[in-house]
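The values are calculated or read from the model by the stated rules, or taken from the named source; none is laboratory data. Since we're looking at a predicted model, the values are computed, not measured. With ideal geometry, Cβ positions are generated from the backbone for all residues, glycine too; neighbour counts draw on all protein chains shown. Areas reflect the complete protein model, heavy atoms only, side chains present, ligands, DNA and RNA absent. Shrake-Rupley method; radii C 1.70, N 1.55, O 1.52, S 1.80 Å.
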Amino acid sequence: MRQVRLSINPGRVLFGFSRIGYTPASAICDIIDNSIMANAKNIYILIRKENEKYKDTRQGNVKDYLIIDDGDGMDEKAIEQALELGSSDAFYGESTLSKFGLGMKSATFSQGDELEVISGRDGNFLKYIVSLPEVQESDDYFANQVDLDEEDEYLISTYLNEGKGTIVKIGKVRMEGHPSIKHTIEELKEKVGVIYYYFLRNDGVKIFIENEQLPAIDVLFCEEADLNGNLDENTWTGRDVRWIEKPKEILLDSESNVKAVIEVTQLPHPPTFRLEKRGGDTEIREKYLIESANYGFYVYRNKRLISWAETFKGIIPMNQDLYSFRGRILIDDTADDTFNIDVKKSTITLSDEAWNVISDKSREWKKKSINAWGRAKTLVNERKAEDPHQTSNEIINDLEIPKFLAGTKPVDEKIVREVEAFIIEQSQKRIEKAKAFVKREMLKENYPTVQ
Ligand SMILES: Nc1ncnc2c1ncn2[C@@H]1O[C@H](COP(=O)(O)OP(=O)(O)OP(=O)(O)O)[C@@H](O)[C@H]1O
Ligand SMILES: [Mg+2]
């Protein structure tokens, strides 16, 4: 046998890693993972514009992303190791969020051409820059150690005044098709509180975006379920959060003895709230994050969310009657093989055995959830039927009769009256339709429930 030494082209490897499907928000979170592992208590996300004149809604106007943490920081040797591709796992503690030694580099180069790391302990900060174009050009993987500039000193004195911590900059962000700042901020505000729920709630970690602290969000609303108890699909009125399954340990893989904790809740039924208050359903949807993209299982690995509303290839089918179903699966890193965790730690593919276990257990939970939803729906329809005007009132409530059309000058009274008459005529037609609908519904003997 003859061993042949093979070369790696670092520029192409980096470029390849950058194409594994990060969004700016998921790239930022990969870097936040490192901050949390470094025991940071305060993590700041700053997004800076290329051109200050443009609004946040403009695409392709991000200059750089900064992730600043007041964690342990790194000395010279540690920074140099951190910048390596496939950096050493010698320091990974228990329940680590790290796995491959790649996250900071792949996340950064997925968005920009430059990775800048400033880090230090005991007030001694060092700065390194890795430039993707320079690496590509020289065919060599290297970093430049450079002096701190005024801006760096400003950031250190503002955010790291205890003399330790790390600043990671995703610099020279690639403009083409890059999402707007507004889009990324919204994504972060929606997701960070869910992704880091346990760290924000239990470990005193605070994450700020543009100086606004992001709250911890429990997507299962367990505290409310604790107050209301278990779901009984025959008596539930659709008004509150209930337990479908309280936290329960299950065996996912008998050979490797991999276990997970699963919990499931039923969220309120939004249409129930619409009957009482115009827009009541929207309020409930917003409060409980109820929408088509959000039902399913939330999978947490070592207490960090890795999969949002996972449906596990059909275990949770596309079905509106499952909108209130919320599940959570808690695994630790011993389950990585069973879940086939990818480099971004956001895609999982279950082993056959684990899929079967989750599928079997889910059958009862889904049935309960669908039946409960069906009952809540029936109650809504019954109340509508008791008051046939309810539906028409709803339609009228929803109609806003404009005094004059948007974008035009106020017009004379005659035109306003004509517009009003037209709208009223149209709404009366809809009312007739709605009445006919209610009548038809009343004629039906029973409302179906799922078996
Ligand atoms: N903010 C930070 N504070 C302290 N150390 C850090 C920080 N960011 C990175 N490091 C160090 O750099 C190493 C490499 O980080 P990187 O994200 O590239 O890979 P990883 O976290 O080891 O693994 P993964 O690929 O799963 O993210 C980390 O293991 C950690 O030791
Ligand atoms: Mg990492």
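Using the beta-carbon distance between Gln3 and Thr349 and R0 = 35 Å, what value does 1/(1 + (r/R0)^6) give for FRET efficiency, to the nearest 0.05?
0.60
Give me the percent of Cα-Cα pairs in the stretch 215-331 that sit more than 21 Å apart, rounded to a whole number.
40
Between Asp203 and Ile20, what FRET efficiency comes out of the Förster formula 1/(1 + (r/R0)^6) with R0 = 30 Å and r the beta carbon distance, rounded to 0.05?
For R0 = 30 Å, the calculated efficiency reads 0.55.
Pairwise over distinct Cα atoms, reciprocal of the mean inverse distance: report the Kirkwood radius of the stretch 262-353 in Å, one decimal place.
Hydrodynamic radius (Kirkwood, Cα pairs) of the stretch 262-353 is 14.4 Å.
Quick check: Cα centre of the stretch 279-324 to Cα centre of the stretch 35-51, how many Å?
About 27 Å separates the Cα centre of the stretch 279-324 from the one of the stretch 35-51.
Just subtract the alpha-carbon distance of Ser138 and Lys429 from 0.36 nm times their residue separation and send over the number in nm, one decimal.
Going from the current span to full extension adds 97.5 nm.
Pull up the DSSP beta bridges for the stretch 222-382 and report the antiparallel fraction as a percent, rounded to 5.
Counting only bridges with both partners in the stretch 222-382, antiparallel ones make up about 70 percent.
So, in nm, how far is label Glu276 from label Asn51 when the simple model puts each one 7 Å beyond its Cα toward the Cβ?
5.0
With +1 on each Lys and Arg Cβ and -1 on each Asp and Glu Cβ, and nothing else charged, work out how big the dipole of the chain is about its Cα centre, in Debye to the nearest 20.
Dipole about the Cα centre, nearest 20: 1980 debye.
Assuming 0.36 nm per residue, please report the length gained on full extension of the stretch Ala436 to Asp232 beyond their Cα-Cα distance.
That pair, Ala436 and Asp232, stretches by 70.1 nm at full extension.
Go through 242-250, 4-12 and give me the packing order, highest mean Cβ count within 10 Å leading.
Answer by packing, highest mean first, reads 242-250, 4-12.
For the stretch 10-213, count all C-alpha to C-alpha pairs, find those more than 20 Å apart, and express that count as a whole percent of the total.
Tail of P(r) above 20 Å: 55 percent of Cα pairs.
What ranking, highest mean first, results for peptides 66-73, 223-230 when packing means the other Cβ atoms within 10 Å averaged over each residue?
The most tightly packed comes first, giving 66-73, 223-230.
Checking the table Lys41/Lys182; Lys368/Lys435; Lys41/Lys99 against a 29 Å threshold on Cα-Cα, which pairs fail?
The answer is Lys368/Lys435.
Ignoring everything but the protein chains, give the 1.4 Å probe accessible area of Leu305 in square angstrom, nearest 10.
10
Output the relative contact order of the stretch 165-281, whole-number percent, from Cα pairs under 8 angstrom with separation of 6+ residues.
16
With every atom except the alpha carbons ignored, what do you get for Rg and Dmax of the chain, in angstroms?
27.1, 96
Among Gln426, Gly204, Thr265, flag the residue with its Cα farthest along the positive direction of the charge dipole of the chain, charges on Cβ as +1 for Lys/Arg and -1 for Asp/Glu.
It is Gln426.
In the chain, which helices (entire DSSP H runs) extend 15 Å or more along their own long axis, judged by Cα positions, while averaging at least -0.5 on the Kyte-Doolittle scale?
24-37, 181-195, 413-443
Got the relative contact order for the chain handy, in percent, Cα pairs under 8 Å and 6 or more residues apart?
13
At 7 Å along the Cα-to-beta-carbon direction for both Glu418 and Lys313, put a label point, then send me their distance in nm to one decimal.
The modelled label-to-label distance comes out at 6.2 nm.
Quick check: pseudo-label points 7 Å beyond the Cα along Cα→Cβ at Leu148 and Thr334, how many nm apart are they?
Modelled inter-label distance: 4.4 nm.
Pairs of alpha-carbon atoms within less than 8 angstrom and 6+ residues apart define the contacts here; what relative contact order does the stretch 1-135 have, in percent?
29 percent.
Show me 19-28, 54-63 ranked by packing, highest mean number of other Cβ atoms within 10 Å first.
Put in order of decreasing packing, that is 19-28, 54-63.
Given a 1.4 Å probe, how much area per residue of the stretch 222-382 is accessible, in Å²?
Heavy-atom accessible area per residue stands at 44 Å².
Please report, as a whole percent, how much of the solvent-accessible surface of the chain comes from carbon and sulfur atoms (probe radius 1.4 Å).
Within the chain, the accessible surface is 48 percent carbon and sulfur.
List, in the order given, every pair from Lys55/Lys105; Lys63/Lys206; Lys259/Lys361; Lys246/Lys366; Lys191/Lys287; Lys246/Lys367 whose Cα-Cα distance in the structure shown is over 18 Å.
Distance filter (> 18 Å) returns Lys55/Lys105; Lys63/Lys206.
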